[in-house]
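The values are calculated or read from the model by the stated rules, or taken from the named source; none is laboratory data. Because the structure is predicted, anything quoted here is derived from the model rather than measured. Note that each Cβ is placed from the backbone with ideal geometry, even for glycine, and that neighbours are counted across all protein chains shown.
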Amino acid sequence: MVDIAKEQPNDWWEVEALFDLCFAPGRTALSSYRLRDGVPPVDGLCLIARDDYGAIGGAIRFWPVRVGAKEALLLGPIAVHPTRQGEGLGGLLIREGLRRADALHWPRTMLVGDAPYYSRFGFHRLEGVEMPPPTNPARILGVGDWSGVMGKVTRWGA
């Protein structure tokens, strides 16, 4: 059994440790992290999955960004503890996060990732959307209403 809940402030260190475990500690050097610098994640969209014993199995965060003049969500990071991979926790977190984003009236979500994995959640390649370098354009994916949305992805409030 898994409980999906909103990440609380006291979960921060545990979630960061999970991200460090699942990704290299140098993950914060990625260009997507420059879009997160000084910007809080979207309240209510940062979720954790815990088992019946309270152990964290996975976590997901969403950040506000601008694409051209339009608002969007940047999904990531998302991580599942290595001992829980293959159980569907990642998919559960993505679906629940997107459901909550829709309920909060966010019109579109993007990420940088593998199209074969994320296409099952409705993500597709975004043409004309430019992440900061050195991002591979083929890995820029989106879901939601991207009609006419293009341009550089910039930090919220910049």
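Quick check: is even one residue across the stretch 51-72 surrounded by fewer than 20 Cβ atoms within 10 Å (Cβ to Cβ), modelled with pLDDT under 95 and touching a strand residue (DSSP E or B) at 6+ places or on another chain (Cβ under 7 Å)?
yes
(1) within 12 Å of the chain's Cα centre (by Cα); (2) loosely packed, with under 15 Cβ neighbours inside 10 Å: which one isn't true of G113, the others all being true?
(2)
Taking interchain pairs and intrachain pairs at least six residues apart, which have beta carbon atoms under 6 angstrom, with the first residue in the stretch 107-128 and touching a residue at least 60 places away in the same chain (Cβ under 8 Å) and the second surrounded by 13 or more Cβ atoms within 10 Å (Cβ to Cβ) and among the basic types (K, R)?
From residues that are touching a residue at least 60 places away in the same chain (Cβ under 8 Å), the pairs are V112/R139.
Give G26, G90, G44, G58 a once-over and let me know the one that is closer than 19 Å to L111 by Cα and in a strand (DSSP E or B). Walk me through how you get there before you give the answer.
Values: G26 fails: in a strand (DSSP E or B); G90 fails: in a strand (DSSP E or B); G44 fails: in a strand (DSSP E or B).
After ruling out the rest, the residue left standing is G58.
Of the residues in the stretch 35-50, how many are more than 14 Å from the chain's Cα centre (by Cα) and exposed (fewer than 15 other Cβ atoms within 10 Å of the Cβ)?
Going through the stretch 35-50 one residue at a time, the tally reaches 2.
Within the stretch 1-20, track down each residue that is in contact (Cβ under 8 Å) with a residue 40 or more places away in the chain, out of contact with any helix residue (DSSP H, G or I) (no Cβ under 7 Å at 6 or more places or on another chain) and assigned to a helix (DSSP H, G or I).
D11, E14, V15, L18
Just the residues that are under 23 Å from V67 (Cβ atoms), buried (at least 18 other Cβ atoms within 10 Å of the Cβ) and of a type in the set (G, A, S), please, taken from the stretch 82-110.
Those that are under 23 Å from V67 (Cβ atoms), buried (at least 18 other Cβ atoms within 10 Å of the Cβ) and of a type in the set (G, A, S): G97, A101.
Please identify the pairs in which a residue from the stretch 44-69 that is touching a residue at least 40 places away in the same chain (Cβ under 8 Å) and of a type in the set (K, R) has its Cβ atom under 6 Å from the Cβ atom of a residue that is buried (at least 18 other Cβ atoms within 10 Å of the Cβ) and part of a loop (DSSP other than H, G, I, E, B), counting only partners at least 6 apart or on another chain.
What qualifies is R61/C46.
Within the stretch 95-158, considering only strands (runs of 3 or more DSSP E) that don't extend past its boundaries, which have at least 1 residues that are touching a Leu at 6+ places or on another chain (Cβ under 8 Å), over 18 Å from I60 (Cβ atoms) and of a type in the set (S, T, Y)? Break it down into steps so the answer makes sense when it comes.
Values: elements: 108-112, 140-144, 151-155.
Correct list: 151-155.
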